[in-house]
Amino acid sequence: MSQAPTQPAPDPRRRKPVVPMLLDKSEPFVQTMIRLCGWSAILFVLAIFFFVFKEALPVLNDLDLGEFFTSDQWRPTSEVKEQFGIFALLAGTLSVTALAMLIAVPLGLGAAVYVSEFASPKVKESLKIIIELLAAIPSVVWGFIGMAVLAPIIKTQLGTSDGVNILNGGIILALMSIPIIVSVGEDALRAVPDSYREAAIALGASRWEVVAKVLFPAAKSGLLAAVLLGVGRAIGETMAVLMATGHKPMTPGSIFDPVQTLTATIAAELGEVFQGGTHYRVLFLIGIVLFVITFIVNLTADIVVKGIKGKTNE
Amino acid sequence: MPNLKKIVGIVALMVVSLGLIGCGEKKEKVSIKGSDTLVNLAQKWVEVYGAEHKDVAFEVGGGGSGVGIKGMMNGTVKMATASRAVKPKEAEAIKKKFGKDAMPHVVALDALAIYVHKDNPLNEISIDQLKGIYGKDRTITKWSQLGVTVKPDEISLWNRQNSSGTYAYFQKTVLGKNGEFTLDAKSASGSKEIVEAIETDISALGYSGMGYKTDGVKWLKVKKTADSPAVEPSEKTAQDKSYPVSRPLRIYTIGEPVGASKAFLDWVKSSGGQKIVKEMGYVRIGSDKKPS
């Protein structure tokens, strides 16, 4: 604008238009901002680590770690003798999560295959909306469904002494993880190029063969990510399991026994605990145990995904 | 569109600033937090009292006796509702920080009722039997041991989460000073949840405040010893202490209450506040106020 129209041959140094020039100038600023965003994510994680460890570590002086992991006596508020054994709680978390995954993975992946490969466009759209709706139900509501609806059914139909138990919690957690598995799994399947499908069909493969022998191997790492996100949801869930599993700190003998999970223990007890006391610190130590479990799950996943990638590259 | 946005923005700003002026000028803030047993009652008190005292902004919350007392320690809560006495550790921390003692004010009584499903044939239970059911040794695990036929025979036992004031009180009263709970019980994290769980479970047994009774559950009469009479939880039996599982519910303040807190507490203890106590299913303090 400022350049006079009478000047047909502009100075070569001035050739750049104004707006890109501004962009050029702002480039370092934008770069810094983006770098800051990236670093802040790491910083937050470190800060959380620092805080949790800071609160938990002092307890190691007067807590026998062996007893902590192997004792099933969880009596943190006892006035006779405080006991902090998380074996039963660990068993609770693992059993509920395992059952939930046993239900959710086949159902979730099956639904993902159906939505992505078999459903007509109309059905596909409505299914996707419904599944997203399922993901939007708050966990307290899930817990309430487990306690008020599912528990009486389990109790009367199966004749068990408890309606709130591993089975109940597992079903509720499965229902909560399925939407994640379906939507992430469906994305992974859709990302497989159509040329794969066409090639397989051209070779005379049936639809099932296309899914099992072409799509699954091609989308393996995406599907694994879907399953792992589901596991993460199940391990981390608090409110729903607190209500649906019965919250009983005993090592379960069957899937009809009520259990207490690590997350539910923190949720139920942290609110009223004496700040800075042993019980308080032990609850943070449980937080670290959960950290470690999640870390192991993620690490295994990473290794598995890398293994798969290595194979497909060959 | 931009105009509309502008107008909405200005209006919002006006509303917010008006609100701020209102707050800053005259409203005294009183936060009442703590016991889940007392939260409904406190809410109702504030509703009724607040309607006539618009100059005080009340804020009511639950979370448990410990939460209220903790809030009082760090200064966010002015009045802590509690279904248990302040622990020595907590009292010490408050004294150290504020230089004043935590003052208890008994504002209502609560009889802890023993709840079973409405179709359960059992009608009464003794403290010793409760001890056998809830105690560490678990001498009673089946309904047949109590002389009734329930299917399934296994008692589906409900406890409260181990940090609740109700849990601590029940432990002390039923199991004795050094009594330990069995771990073989499910736990509910609220007074209401425990009743909700029993409603849908024919073989369930649990304890909770009297105020939480619904049509789906019933109370058991409680006997102090095997030979003493079975007593139904009620206002009269809680006040004359013939019902063995009743307790005072308190509001704690730091030092003597002053100003709005004092006025509120005085009203709560007066017949006006106590009328609401009765309406909400709790027991009024002291039988000197004419019984009805």
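The values are calculated or read from the model by the stated rules, or taken from the named source; none is laboratory data. Bear in mind the structure is a predicted one, so any value in this text is a computation, not a measurement. We place every Cβ from the backbone using ideal geometry, glycine too, and count neighbours over all the protein chains shown. Calculation scope for accessible area: heavy atoms of the full protein, side chains included, ligands and nucleic acids excluded. Shrake-Rupley method; radii C 1.70, N 1.55, O 1.52, S 1.80 Å.
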Query raised in the report: Residues of the range A:270-286 being open to solvent by 20 Å² or more (accessible area, probe 1.4 Å) and part of a loop (DSSP other than H, G, I, E, B), which ones?
Result: A:274, A:275, A:276
Query raised in the report: How many residues does the range B:86-117 hold that are within 14 Å of another protein chain (Cβ to nearest Cβ), open to solvent by 50 Å² or more (accessible area, probe 1.4 Å) and not in a helix (DSSP H, G or I)?
Result: 1
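Would you check if there is a residue in the range A:58-66 being of a type in the set (Gly, Ala, Ser) and in contact with a helix residue (DSSP H, G or I) (Cβ under 9 Å, 6 or more places away or on another chain)?
No, there is no match, as no residue in the range A:58-66 is of a type in the set (Gly, Ala, Ser) and in contact with a helix residue (DSSP H, G or I) (Cβ under 9 Å, 6 or more places away or on another chain).
Please work out which residue is nearest to the chain's Cα centre (by Cα), limiting yourself to the range B:169-182 and to residues that are of a type outside the set (Ser, Thr, Tyr) and surrounded by fewer than 21 Cβ atoms within 10 Å (Cβ to Cβ). So that I can check it myself, show each step before the final result.
Restricting attention to the range B:169-182, the residues satisfying the condition of being of a type outside the set (Ser, Thr, Tyr) are B:170-172, B:174-181.
When the remaining residues are screened for being surrounded by fewer than 21 Cβ atoms within 10 Å (Cβ to Cβ), the result is B:172, B:175-180.
Working: B:172: 16, B:175: 20, B:176: 21, B:177: 21, B:178: 23, B:179: 22, B:180: 22 Å.
Applying the filter and picking the extreme gives B:172.
Within the bounds of the range A:152-162, is there any residue that is part of a helix (DSSP H, G or I), touching an Asp or Glu at 6+ places or on another chain (Cβ under 6 Å) and either assigned by TED's automatic domain parsing to the domain that holds residue A:257 or open to solvent by 70 Å² or more (accessible area, probe 1.4 Å) (or both)?
Going through the range A:152-162, the residues part of a helix (DSSP H, G or I) turn out to be A:152-158.
Now restrict to residues that are touching an Asp or Glu at 6+ places or on another chain (Cβ under 6 Å): none.
No - not one qualifying residue is present in the range A:152-162.
Could you say whether any residue in the range A:142-160 is away from every other protein chain (no Cβ under 14 Å) and not acidic (Asp, Glu)? Break it down stepwise before answering.
The first filter runs over the range A:142-160 and keeps only residues away from every other protein chain (no Cβ under 14 Å), leaving A:142.
Within this subset, residues satisfying the condition of being not acidic (Asp, Glu) are A:142.
Yes - at least one qualifying residue is present in the range A:142-160.
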Report task. Check the range B:199-207 and report whether any residue there is under 23 Å from residue A:147 (Cα atoms), under 16 Å from the mean Cα position of the chain (by Cα) and assigned to a strand (DSSP E or B). Result -> yes
Query - Residues of the range A:235-257 that turn out to be in a loop (DSSP other than H, G, I, E, B) and farther than 10 Å from residue A:96 by Cα, as a count - result: 12
**Report entry** Long-range neighbours under 7 Å by Cβ, at least six apart or interchain, first residue away from chain B (no Cβ under 11 Å) within the range A:64-82, second open to solvent by 20 Å² or more (accessible area, probe 1.4 Å)
**Finding:** A:69/A:87; A:70/A:87; A:71/A:83; A:71/A:87
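Residues are listed down the side, and each one gets a yes or a no for (1) more than 14 Å from every other protein chain (Cβ to nearest Cβ); (2) among the small types (Gly, Ala, Ser); (3) within 30 Å of residue A:155 (Cβ to Cβ):
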residue: A:230; (1), (2), (3): yes, yes, yes
residue: A:244; (1), (2), (3): no, yes, yes
residue: A:256; (1), (2), (3): no, no, yes
residue: A:259; (1), (2), (3): no, no, yes
residue: A:266; (1), (2), (3): no, no, yes
residue: A:277; (1), (2), (3): no, yes, no
residue: A:292; (1), (2), (3): yes, no, no
residue: A:303; (1), (2), (3): yes, no, no
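Looking only at the range B:185-200, filter to residues that are in contact with a strand residue (DSSP E or B) (Cβ under 7 Å, 6 or more places away or on another chain) and open to solvent by 10 Å² or more (accessible area, probe 1.4 Å); which one of those is farthest from the other protein chains (Cβ to nearest Cβ)? Give the steps one after another, and end with the answer.
Within the range B:185-200, the subset in contact with a strand residue (DSSP E or B) (Cβ under 7 Å, 6 or more places away or on another chain) is B:185-188, B:191, B:194-195, B:197-199.
Add one more test, that the residue is open to solvent by 10 Å² or more (accessible area, probe 1.4 Å), and what stays is B:187, B:199.
On the way: B:187: 5, B:199: 8 Å.
The residue in question is B:199.
Report whether or not residue A:184 is over 23 Å from the mean Cα position of the chain (by Cα), farther than 25 Å from residue B:200 by Cβ and touching a residue at least 24 places away in the same chain (Cβ under 8 Å).
Numbers: over 23 Å from the mean Cα position of the chain (by Cα): no; farther than 25 Å from residue B:200 by Cβ: yes; touching a residue at least 24 places away in the same chain (Cβ under 8 Å): yes.
The answer is no for residue A:184.
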